[in-house]
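The values are calculated or read from the model by the stated rules, or taken from the named source; none is laboratory data. Every value quoted in this text rests on a predicted model; they were computed, and no experiment measured them. Cβ atoms come from the backbone with ideal geometry, glycine included; neighbour counts cover every protein chain shown.
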């Protein structure tokens, strides 16, 4: 029944598009608004989203690596191969890991990724990607498969696409990254050594001003060994529809805004809250409004979560509201901003309604570079500033105030593990965090990044025996 409703919604949206397209506002989707992430200087986090057909012209190639981006396999050049790769060397330093007084942790991390994208004409493609993740250092514990993995088939899928009138249609089947939704709810989790990937089907319909994506996935259970131990997780399934509309640019006196509603379902046969394991079905009904209004960039998301955890009802909310103001006319001008975020809490340690919010696979570094916090039972206010001190360098500073929503519930880490004992102490203030990041784009292929964070525990964490922590990460990434 759920799939039928989703399919009917997608068909209605697509069928309405050609008539609307005749009188639609001239604003159109940028590539970043189509659910595949942003592409900068030709590169995207999801490498299959890149388009290197311009290198069909030999005069546009500067070196041998450019040649690898377009390798024709027939005389006409309609069948071609694009090769890609990444090498990332990273070090993380953390004092009092897990906010427990203990020796410093050092993680030395290597990521190696190789991909091949085979295009057979305009309508068919096959993509494959393997990755290696190595982790060593000091006090690293037992790493998960997303941090240490000898070899993993990170992505492999087949894709077919075409057009019917003004509507572009496509379907993709296999293991793939999926980011068609707010980043704080679903992301590739690039912070990990091995990225977050799913197994299943994604289908889409797009015009210049409207789009819909229908999907059904199983998550991936990552092992630490070779190519055979990273398998679909039959216990966890994620499905739904994501849509998008270009809003008229005459709104608010001139704007470039996008409205993306979504309806998702996450099923987990082994859900866990408060030490209780039970089947969970959680629905997500929400929308994202984002884009630019003059010098103001905004990104707002509201989502209601409902369903059941065992025999208990789920009723939860998440609100993410980020906005920045550009202090000048140039795109590289400094920006000042603030983000205010909310993830409901309550019910994790008692019977009755479960009010703990849960992101399917969101970007947790938004709340803590050291992954100390997540958008569950949390309230956040974070003023920030970003600027470009010199060409090729982007810097940002932020100070975050964090409280919990429900004083009878725990504080949660990025993996939704509770800080034991926080559910038994009084108070609302959780932590204050100071963060800084510098990204130096040495060239389009080579980037150096440094992140620093200091978490100062407040009354809730202090009363439960947790400590302050400093986190420092630096890495260099080479892509072609």
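Restricting attention to the stretch 466-478, does a residue exist that is in contact with a strand residue (DSSP E or B) (Cβ under 9 Å, 6 or more places away or on another chain) and over 24 Å from residue 106 (Cβ atoms)? Talk me through it step by step, then tell me what you get.
Initial filter on the stretch 466-478 (in contact with a strand residue (DSSP E or B) (Cβ under 9 Å, 6 or more places away or on another chain)): 466-478.
Imposing the further condition that a residue be over 24 Å from residue 106 (Cβ atoms) reduces the set to none.
For the stretch 466-478, residues in contact with a strand residue (DSSP E or B) (Cβ under 9 Å, 6 or more places away or on another chain) and over 24 Å from residue 106 (Cβ atoms): absent.
Could you tell me whether the stretch 297-308 includes any residue that is touching a helix residue (DSSP H, G or I) at 6+ places or on another chain (Cβ under 8 Å) and under 30 Å from residue 326 (Cα atoms)? First the steps, then the outcome.
Initially, the stretch 297-308 is screened for residues touching a helix residue (DSSP H, G or I) at 6+ places or on another chain (Cβ under 8 Å), giving none.
Scanning the stretch 297-308 turns up no residue that is touching a helix residue (DSSP H, G or I) at 6+ places or on another chain (Cβ under 8 Å) and under 30 Å from residue 326 (Cα atoms).
Quick check on residue 13: is it at pLDDT 90 or above and either out of contact with any helix residue (DSSP H, G or I) (no Cβ under 9 Å at 6 or more places or on another chain) or under 22 Å from residue 121 (Cα atoms) (or both)?
On the way: at pLDDT 90 or above: no; either out of contact with any helix residue (DSSP H, G or I) (no Cβ under 9 Å at 6 or more places or on another chain) or under 22 Å from residue 121 (Cα atoms) (or both): yes.
So residue 13 fails the test.
Determine, yes or no, whether residue 59 is closer than 26 Å to residue 198 by Cβ, surrounded by fewer than 17 Cβ atoms within 10 Å (Cβ to Cβ), modelled with pLDDT under 95 and out of contact with any strand residue (DSSP E or B) (no Cβ under 9 Å at 6 or more places or on another chain).
Spelling it out, it is not the case that residue 59 is closer than 26 Å to residue 198 by Cβ, surrounded by fewer than 17 Cβ atoms within 10 Å (Cβ to Cβ), modelled with pLDDT under 95 and out of contact with any strand residue (DSSP E or B) (no Cβ under 9 Å at 6 or more places or on another chain).
Scanning the stretch 197-224 for residues that are under 24 Å from residue 477 (Cβ atoms) and in contact (Cβ under 8 Å) with a residue 60 or more places away in the chain, which turns out surrounded by the most Cβ atoms within 10 Å (Cβ to Cβ)? Quick ask: steps written out before the conclusion?
If we filter the stretch 197-224 for residues that are under 24 Å from residue 477 (Cβ atoms), which is where we start, we get 197-198, 220, 222, 224.
Those still in the list that are in contact (Cβ under 8 Å) with a residue 60 or more places away in the chain too: 222, 224.
Values: 222: 22, 224: 18.
Looking at residues that are under 24 Å from residue 477 (Cβ atoms) and in contact (Cβ under 8 Å) with a residue 60 or more places away in the chain, I get 222.
Among all residue pairs at least 6 apart or on different chains, which show Cβ distances below 6 Å where the first residue, located in the stretch 379-403, is touching a residue at least 40 places away in the same chain (Cβ under 8 Å) and on the phi > 0 side of the Ramachandran plot and the second is surrounded by 14 or more Cβ atoms within 10 Å (Cβ to Cβ) and part of a strand (DSSP E or B)?
Going by the 6 Å Cβ cut-off, the qualifying pairs are 392/441.
Answer yes or no as to whether residue 428 is in contact with a helix residue (DSSP H, G or I) (Cβ under 9 Å, 6 or more places away or on another chain) and closer than 18 Å to residue 380 by Cα.
Values: in contact with a helix residue (DSSP H, G or I) (Cβ under 9 Å, 6 or more places away or on another chain): yes; closer than 18 Å to residue 380 by Cα: yes.
When the stated conditions are applied, residue 428 passes them.
Pick from the stretch 97-112 the residues that are in contact with a helix residue (DSSP H, G or I) (Cβ under 9 Å, 6 or more places away or on another chain) and without any contact (Cβ under 8 Å) to a residue 60 or more places away in the chain: which of them is farthest from residue 68 (Cα to Cα)?
Residues of the stretch 97-112 that are in contact with a helix residue (DSSP H, G or I) (Cβ under 9 Å, 6 or more places away or on another chain), as a first pass: 99, 103-105.
If we keep only those that are without any contact (Cβ under 8 Å) to a residue 60 or more places away in the chain too, we end up with 103-105.
Working: 103: 46, 104: 42, 105: 39 Å.
Ranking the qualifying residues of the stretch 97-112, first place goes to 103.
Just checking, does the stretch 352-361 include any residue being part of a loop (DSSP other than H, G, I, E, B), at pLDDT below 95 and touching a strand residue (DSSP E or B) at 6+ places or on another chain (Cβ under 8 Å)?
At the first step, the residues of the stretch 352-361 found to be part of a loop (DSSP other than H, G, I, E, B) are 352-353, 355-360.
Of the ones still in play, those that are also at pLDDT below 95 are 352.
With the extra rule that they be touching a strand residue (DSSP E or B) at 6+ places or on another chain (Cβ under 8 Å), the set shrinks to 352.
Among the residues of the stretch 352-361, at least one is part of a loop (DSSP other than H, G, I, E, B), at pLDDT below 95 and touching a strand residue (DSSP E or B) at 6+ places or on another chain (Cβ under 8 Å), which makes the answer yes.
Inside the stretch 435-444, can you point out the residues that are touching a residue at least 12 places away in the same chain (Cβ under 8 Å) and exposed (fewer than 14 other Cβ atoms within 10 Å of the Cβ)?
Within the stretch 435-444, the first condition is being touching a residue at least 12 places away in the same chain (Cβ under 8 Å), and the residues that meet it are 435-442, 444.
If the condition is that a residue be touching a residue at least 12 places away in the same chain (Cβ under 8 Å) and exposed (fewer than 14 other Cβ atoms within 10 Å of the Cβ), then 442, 444 are the ones that fit.
The rows are residues; the columns are (1) in contact with a strand residue (DSSP E or B) (Cβ under 9 Å, 6 or more places away or on another chain); (2) touching a residue at least 40 places away in the same chain (Cβ under 8 Å); (3) outside any strand (DSSP E or B); (4) surrounded by fewer than 16 Cβ atoms within 10 Å (Cβ to Cβ).
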position	(1), (2), (3), (4)
258	yes, yes, no, no
267	yes, no, no, no
271	yes, no, no, no
281	yes, no, no, no
290	yes, no, no, no
302	yes, no, no, no
318	yes, yes, no, no
332	yes, yes, yes, yes
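Can you pull out the residues in the stretch 446-474 that are within 30 Å of residue 70 (Cβ to Cβ) and surrounded by 17 or more Cβ atoms within 10 Å (Cβ to Cβ)?
Of all residues in the stretch 446-474, those within 30 Å of residue 70 (Cβ to Cβ) come to 446-449.
Result: 447, 449.
What is the number of the single condition among (1) at pLDDT below 95; (2) closer than 15 Å to residue 33 by Cα that residue 262 does not meet?
In the conditions (1) at pLDDT below 95; (2) closer than 15 Å to residue 33 by Cα, residue 262 misses (1) alone.
Take the stretch 444-480 and flag every residue that is out of contact with any helix residue (DSSP H, G or I) (no Cβ under 9 Å at 6 or more places or on another chain), at pLDDT 95 or above and farther than 18 Å from residue 373 by Cα.
Result: 446, 447, 448, 449, 450, 474, 475, 476, 477, 478.
Working only within the stretch 404-432, note down all residues that are crowded, with 18+ Cβ neighbours inside 10 Å and under 30 Å from residue 478 (Cβ atoms).
414
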